[in-house]
Each structure stands twice: as C-alpha cells, then as structure tokens.
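The values are calculated or read from the model by the stated rules, or taken from the named source; none is laboratory data. This is a predicted model, so every value here is computed, not measured. When we count neighbours, we look across all protein chains shown, and the Cβ atoms used for this are built from the backbone with ideal geometry, even at glycine.
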Protein chains: 2
Amino acid sequence: MSNDKTLTKRRGFLKASLAVGTGVSGALTSNSASAQSNTFLEIDPWTKTQGATFVNPPYGLPSKYEKEVVRRLPNPAPIFLTASRTPIQNLHGIITPNGLHFERHHAGVPDINPDQHRLVVHGLVDRPMIFSMENIMRFPSESKIYFMECSGNSAAELKRSANNTAQQIHGLISCCEWTGVRVSTLLQECGIKPQATWVLAEGADGAAMTRSIPLSKMLDDAILAYAQNGEMLRAEQGYPLRLFLPSYEGNMSIKWLRRLKLGTEPWQTREETSAYTDLRENGKALQFTFKMEVKSVITQPSGMMKLKSKGFYEISGIAWSGNGKIRRVEVSTDAGKTWQEAMLQEPVMDKSLVRFRYPWVWDGAPAVLMSRAVDTSGDVQPTMEALIKTKSANTFYHNNAIQPWQVAANGEVTNGR
Amino acid sequence: MSNDKTLTKRRGFLKASLAVGTGVSGALTSNSASAQSNTFLEIDPWTKTQGATFVNPPYGLPSKYEKEVVRRLPNPAPIFLTASRTPIQNLHGIITPNGLHFERHHAGVPDINPDQHRLVVHGLVDRPMIFSMENIMRFPSESKIYFMECSGNSAAELKRSANNTAQQIHGLISCCEWTGVRVSTLLQECGIKPQATWVLAEGADGAAMTRSIPLSKMLDDAILAYAQNGEMLRAEQGYPLRLFLPSYEGNMSIKWLRRLKLGTEPWQTREETSAYTDLRENGKALQFTFKMEVKSVITQPSGMMKLKSKGFYEISGIAWSGNGKIRRVEVSTDAGKTWQEAMLQEPVMDKSLVRFRYPWVWDGAPAVLMSRAVDTSGDVQPTMEALIKTKSANTFYHNNAIQPWQVAANGEVTNGR
C-alpha cells in the first residue's frame, strides 16, 4: 500500500469527517436512485455511437459544456479593458490552465516574433551583451510552481460590497509551473560590477512597461521565464520572454522583456511613482511594496453559488504567501467566532498556491464562511478592519483581508462584507 | 535570501557547470552582438504600436509562433486513428498542458452531457447506488500530480529504428494535476462486502471500454477524477468522469466512467485477453502487467533536432516510475561507457514525472546520449538487450528500455538504435 504520509493522514481525516454521518449519507441518498432504477438500464445515446476520432485536434480545448468557465472582466467592467480574471471558483487543485491565467497589460499584447526578439543586459556590468531566444534557451534552466498575483487583486472589495463571484473580486491570482533561466546565471555571464544594487527591467510592449527591482531579489530567485505549464509562454503572459519575480506583485514581473540595466538606485519610473504606490492617511505614499502578503479565499462555496440542500459540503479554497510557505489555514463557519484547522493538500510548496479543504455539514441556518491563512513567517491574514487600521482607509493595492461569504437560509451565497 | 535547499544545491551545481567556461561563454559570445549593436537601437515595431486588447478571449490559446507544437499521430500513421502523442521534445518542466495531453480512445470520444451522466456502483456492496456528477462532486476530494503512460508507449522502438522525434517514439506519456474523489470514499459509502477482491470498471463510450482492477488498488490510491490541471476534464480525457489509477498502464484508468462492479475474480474482458497482454517466447501470454516500470528519456536534444555549434548544452529529459519516486537519473554521453548523475528538479513527487538536467559541453565529435533512471524500489531502467532477454522478443507493451540519441559530427540528432 502507499507509503505517502499525506495519504495516511488524509485517510484518518476522511474517516473523521465521514463519521459526521448523516451529512454525506443523507445528501447522497436523497439525490440518488437505487441501482435498480430503470433509467440506468437504458443505454445512453453516446454509448450506442462511434465518438469523435479526435475532438479538438491538434491543440485541445475544453468540453463545450464548460464554455462558461472563461476569463472575465471585473463587474462592473472598467473603461479601459486592461485585465481579465481567472475563474477561481470553477477550478480545483492549484494549477491554473494557461488558457485561464489572468491577464494584465498596459498597452495591449504585442505580437513578437521570437526569432527577432532580443534581451540586452547593460549598465553596471563588465560585459554588456545582447541575447537571442536561442542564446537564452541554451543556459541551464529550472522549473518551479509559483503563484502570481496582481497587486490590485481584491481592490474592489476595499471600497464596496457587491453580489460578485470569487472571480470578480479575487480573480487576479493564478498559479503555473514556470520554466526559465535564473537571472543570476545570465548576470554572472555579463559580470556584475560591485557598486550595482538595482536593476531596471523593460518590456517590449507599447507601454515599454518598466520597473526598478533590487539586485538582491534578482540574484535570489528571479527567473527569465520562457515556458509556463510545460509549453512556451502564452502571448498575453509575455511571449517569448518574461521576468518572473516569485512572490512579488505581478506588474514587476515584466513581460515581453527586452532590457535589464544595472544601476545604483531606483529609476522612478511611471509605474513606481504615479501607479502601484500605497497612499497613507497623511497624504504621503509608500512607494515600494514588493511582496504579496499572506492570503486565502474560499472558492467553493463562494459568491453567487447556491447550496441546494442541507448536509455535507467540502469547503475548499486557495491560500498563498509572498513570505514563502503556508503553515496553516483556519476556517470559520460562524463569522469568525470559532476557527478550525483545514487540511492542506501536499506538497505545500514555497511561493505556490496551496489547496485547503474543510468538511462541513450545513444545518440549513444562515452562516458566514471565512478562511484565515498563516504563513511560516508567522504572518496572519488580517480582517478588513485590521488591514485598514494598520494601513490606511485609502488602501487600494495589497488587500489581503479575510473574505466572508454569507450563506442564506435558502442556500444562496453572497459577499458577506 | 532563499532557504530552499534545492536552490542552494543548484547554485553549487551551476557554478561547477559554468566553470566549464568556454562552453557557455563561447557559445553565447559567438552568437551575440555587443550592446552597441545598431540593431538594438532600433525600436521594434511591436513597441511602437498598441497591442491586442485581449489576445485569445475568453479561453486562451498558444502563440501563433508555436503552431507546430501540437499532438501528432505516430509516424507512419496507423490505419485506425486511435492515439495522438504529446510533443515531449517541445515541453519544459513536468506539467503537460491539457491541450497537449496524449489521447487514446477505443471508439472515439463521446459527447456526454454531465447533467445526464451517472455512475452506478453494484455487485458485492451492501448498498448499490447511482451517483450523479453533483453527488460525486460533494464528496471530499484530493489533488495530485501524476504521470499517465500508455502501455504501448515506445512500442515502435522495439521493432525498428527510424528517424523519429521523441514525440513519435515516446509521446504516449503526460503528466497533470488530477482532482477527484478517492474510490475508497465512494466504496465506503456503498459498503464493501468482505468477499470482494476485484472491481470491474466500465466506460460510457461506444467501446464500453472495460477492465478488471484489484480491489486493493482501488482502496489504495485510485481516484474518480473530474478535473485535470485545475479545470474540468477534457472530453478526450473522459469528461465528465474518469477512473485514475496512479502508475498503472493508461488504458485501465477507464474514461467516461459509468459503472463499478465488485466481484471475486477478473471478468476476462476483451481488453485483458485479446489486447494488453504480453506474449512470451513459449507462446503463452502474461495477462496482467499493471504498473508502468522505471523509465526516462532525454527530450532535449532528441531525434530530428540539430545542434548548431559546439559548446555548452543542457541535456534535459523526463523520468518516472510506477513503483513510486525516482531516486536518481544518470546520463551518458559516450553510448553508455560512463555515466554521470543528473540533477533532479524538486519537488520529486510520487508517481509523477521528474525533470532531470545535465550540463554538457559538446566538442563537435559524434556522441551517443542516453539516460538511465533508478527508482526508490531499486529498479534500474534496462537496456533494450536486457529488456528483451528478461521479457521476450515478442514484447510490444511496457517497453521501458534506455533510449540512445546519436549526435552526428554535423550536429544532427537521430535515433541511436
């Protein structure tokens, strides 16, 4: 049998949760016919015919019955269409399929021929160099599953309450396996001058999207990514080359990367002065907030879903932290009065989404569901009240507050703010 | 800085490989212009225009420049088009995007309405039951990254040598994050009679694809999967429900699952008598070979690629074992005379693909590249000669022999058999 400790642990957990008894059994029995049901004796039409030889050749697409599971704009839609969101309430596990990874672009998605694309490295280096994609792909590579979150994710939630889905409020979060070359490997090739401390990264899109990044981060875990979930980057994710800064706010992972320049201080670009700064009560702005903080959200059940009957439900969601690993996630079904520890799906990886699950028997009474993540640095996901108190009522970016979902007596789930 | 031991280990490794020096530096310098190159001072056309607002809404597709990276039929194509293969030589990391997961079907892909789909559990159970998809998705779930391999993968290689790609020879292997309900959870709900030892699984496709599976496997790690890489199953992967038997030959993970029956012995179905059996020298057939054995293949460089110049290359490939985890992968660049240990990308997961990498400086002379995987059970991937000696010259299924790739002096890479 299995040697996997996780599985063994899980089995104990399942046994305990199923011991709730009437929950699962009741729900299923009430919705199930017996095996003697006449409907089952009828052979389904799809069993009586030859199926499609190849459904979606040569590059496959989802089933036509899943056509509503797509990226969507926020609700209400903004004037400038610059971001689409991942349908997190329809997803399972931690991997976001490439076709559903959230998008954010500052001048649309450029159409870049990879054979013509170049990356220049200059400034405080011993040997300024230009690299083709072929050059870059000959370097030693690595593959890591990392989350990516837009700093503006969940921002709408700070200002107003609405009947929105998890996708509409929190859909600027995705998680893929990213493959590329360590920035440190490339910079080693160019030689770093000792006085260098910051790096400018510039995109080849029409916005020439540009950010300043500490050299220490670039030498720590930054990668020049050319693949996501096995295949080459999608166009909207920076094809053919993007910077990927694990745990940092998404906009800093410059897409369509064309230039890295080493220097001694930040360049004060548009995207780190007029945008992506955090206004405080005194009218001053905190300029740099790089890391996305500890956060979680329940995705099932979540906004605009409906529980059809009392009984057993598995509460499930995603958690992540820019500080590294998630240590635990707690779930409350009584608006935060009491908390219980959820199960984390292993392996729990560094700077990756983690799937958490918690068994719940709904008794039919109104309930408020919440999740609260704690990371290995000890940071605890705050309530909205605590977040505003610590930061500012002006806060827009970096909202990592606890999301409450209200379950009404009729089973309807809405934003519980 | 990072606390990740893997990264620390990797850094030491990179340092050692880069110390090869002329390899990486030489290759890159010869292909790179200096930063003063006039071509770089010209602004690329895509930087001077607004890009597409949303490239592939609402469900994204790969870049148009990657249109050759698709599933393909084997070469030569068979009379019956029943399988398409994953382009493993174009992929990075371990995750196979859903649009590129290999396909194998026995009567085409049925078009199943998930609201009408049912799973019946009967035979030696206390409470025979029928489950809708809604029922099944209310049970506790789990998500795991697992490989899936067709037992016929690499079979062509046993009979002949050809100028084929890694996809054409070995492309019936893929790896996804699968989410679903443990079979044990569902069977617990129905109650297992003590005399039950085998389970019949039947698909709802036109072939009513049917296999017998030991109950012990079903209770160990088998899942009723409804999602892959986050989203619901693709039609060709069994939408809306498939059995998933980690590490077992692919055909046993019955797709479009409609029925599980518990009994006391195998049912001797067509697919375990006339097919999927292993003919021995004496004319008798070994009926059941469930596990896919320890195996690896170098994907970069591989068949039909060309090395353009001498210098540094990262040899990279995938390894897996039905016995559990990969312990190590060794690489030979001299046709198996000497072997060196490759680096494994962490986390190394149970019954999952593992990406291995090995730094190599090509001196321009003909070379034969091989990889050899060893799993935690101690099993070692055999040579073709050893495999035929142990099994039979009649062997067709379960070819896990070492794949040699011949590198010619002009850089062309071909099947080295």
- Qualifying position, being at pLDDT below 90 and in contact with a His (Cβ under 7 Å, 6 or more places away or on another chain), among B:Thr53, B:Thr86, B:Thr82: B:Thr82
- Task: Name the residue, out of A:Phe288, A:Phe244, that is of a type in the set (Phe, Trp, Tyr), within 23 Å of A:Ser174 (Cα to Cα) and surrounded by 22 or more Cβ atoms within 10 Å (Cβ to Cβ).
- Result: A:Phe244
- Message: Please return the ranges of strands (runs of 3 or more DSSP E) entirely within the stretch B:353-417 where 1 or more residues are farther than 18 Å from A:Arg138 by Cβ and not polar (S, T, N, Q).
- Response: B:354-362, B:367-375
- Message: Filter the stretch B:102-112 down to the residues that are in a loop (DSSP other than H, G, I, E, B) and either in contact with a Lys or Arg (Cβ under 7 Å, 6 or more places away or on another chain) or outside the structural domain of B:Glu231 (by TED's automatic domain parsing) (or both) and list them by number.
- Response: B:Phe102
- Message: Given the criterion within 19 Å of A:Pro382 (Cα to Cα), basic (Lys, Arg) and within 14 Å of chain B (Cβ to nearest Cβ), identify the matching residue among A:Lys325, A:Lys310.
- Response: A:Lys325
- Item | Extreme residue, surrounded by the most Cβ atoms within 10 Å (Cβ to Cβ), among residues of the stretch A:104-155 that are β-branched (Val, Ile, Thr) and closer than 19 Å to A:Ala222 by Cβ | A:Ile145
- Some residue of the stretch A:365-380 being within 14 Å of chain B (Cβ to nearest Cβ), touching a residue at least 12 places away in the same chain (Cβ under 8 Å) and basic (Lys, Arg): no
- Restricting attention to the stretch A:35-50, and to residues there that are hydrophobic (A, V, I, L, M, F, W, C) and under 22 Å from B:Asp126 (Cβ atoms), which single residue is modelled with the highest pLDDT? A:Leu41
- Could you run through the stretch A:184-217 and say how many residues are under 17 Å from A:Leu119 (Cα atoms) and polar (S, T, N, Q)? 5
- Within the stretch A:175-226, considering residues that are in contact with a Ser or Thr (Cβ under 6 Å, 6 or more places away or on another chain), among the hydroxyl-bearing types (Ser, Thr, Tyr) and more than 9 Å from chain B (Cβ to nearest Cβ), the one nearest to B:Asn90 (Cα to Cα): A:Thr210
- Item | Filter pass, A:Met252 being surrounded by fewer than 23 Cβ atoms within 10 Å (Cβ to Cβ), out of contact with any strand residue (DSSP E or B) (no Cβ under 6 Å at 6 or more places or on another chain) and away from every other protein chain (no Cβ under 14 Å) | no
- Message: Here's a check for you: in the stretch A:305-352, which residue that is part of a strand (DSSP E or B), aromatic (Phe, Trp, Tyr) and out of contact with any Leu (no Cβ under 6 Å at 6 or more places or on another chain) is farthest from A:Gln89 (Cα to Cα)?
- Response: A:Phe312
- Task: Scan the stretch B:203-226 residue by residue and report those that are in a helix (DSSP H, G or I) and within 26 Å of B:Asn399 (Cβ to Cβ).
- Result: B:Lys217, B:Asp220
- Can you name the number of the only condition in (1) within 30 Å of B:Ala225 (Cβ to Cβ); (2) of a type in the set (D, E, K, R); (3) facing another protein chain (nearest Cβ under 10 Å) that A:Glu134 fails? (1)
- Message: Please verify whether A:Asp115 is under 18 Å from A:Gln237 (Cα atoms), more than 7 Å from chain B (Cβ to nearest Cβ) and either assigned to a loop (DSSP other than H, G, I, E, B) or under 23 Å from the mean Cα position of the chain (by Cα) (or both), treating the condition exactly as stated.
- Response: yes
- B:Lys310 within 30 Å of B:Met218 (Cβ to Cβ) and of a type outside the set (A, V, I, L, M): no
- Query: Among B:Ser184, B:Ser174, B:Ser161, which is the only one that is surrounded by fewer than 22 Cβ atoms within 10 Å (Cβ to Cβ) and modelled with pLDDT of 95 or more?
  - Reply: B:Ser184
- Note on the structure: Filtering the stretch A:275-293 for residues that are free of Cβ contacts under 8 Å to residues at least 60 places away in the same chain and assigned to a strand (DSSP E or B) leaves a count of 3
- Pick from the stretch A:247-257 the residues that are part of a helix (DSSP H, G or I) and not small (Gly, Ala, Ser): which of them is nearest to A:Asn98 (Cα to Cα)? A:Asn251
- Failed criterion for B:Tyr65 (all others in (1) modelled with pLDDT of 85 or more; (2) over 28 Å from A:Asp111 (Cα atoms) hold): (2)
- Message: Of the residues B:Ser296, B:Ser302, only one is of a type in the set (S, T, N, Q) and not in a strand (DSSP E or B); which?
- Response: B:Ser302
- Task: Among the residues of the stretch B:259-271, write down those that are charged (D, E, K, R) and either at pLDDT below 95 or surrounded by 23 or more Cβ atoms within 10 Å (Cβ to Cβ) (or both).
- Result: B:Arg270, B:Glu271
- Message: So for the stretch A:227-246 (the condition being more than 12 Å from chain B (Cβ to nearest Cβ), touching a residue at least 60 places away in the same chain (Cβ under 8 Å), within 17 Å of the chain's Cα centre (by Cα) and in a loop (DSSP other than H, G, I, E, B)), does at least one residue qualify?
- Response: no
- Message: Can you tell me which of (1) crowded, with 23+ Cβ neighbours inside 10 Å; (2) away from every other protein chain (no Cβ under 14 Å) is the one A:Val354 doesn't meet?
- Response: (2)
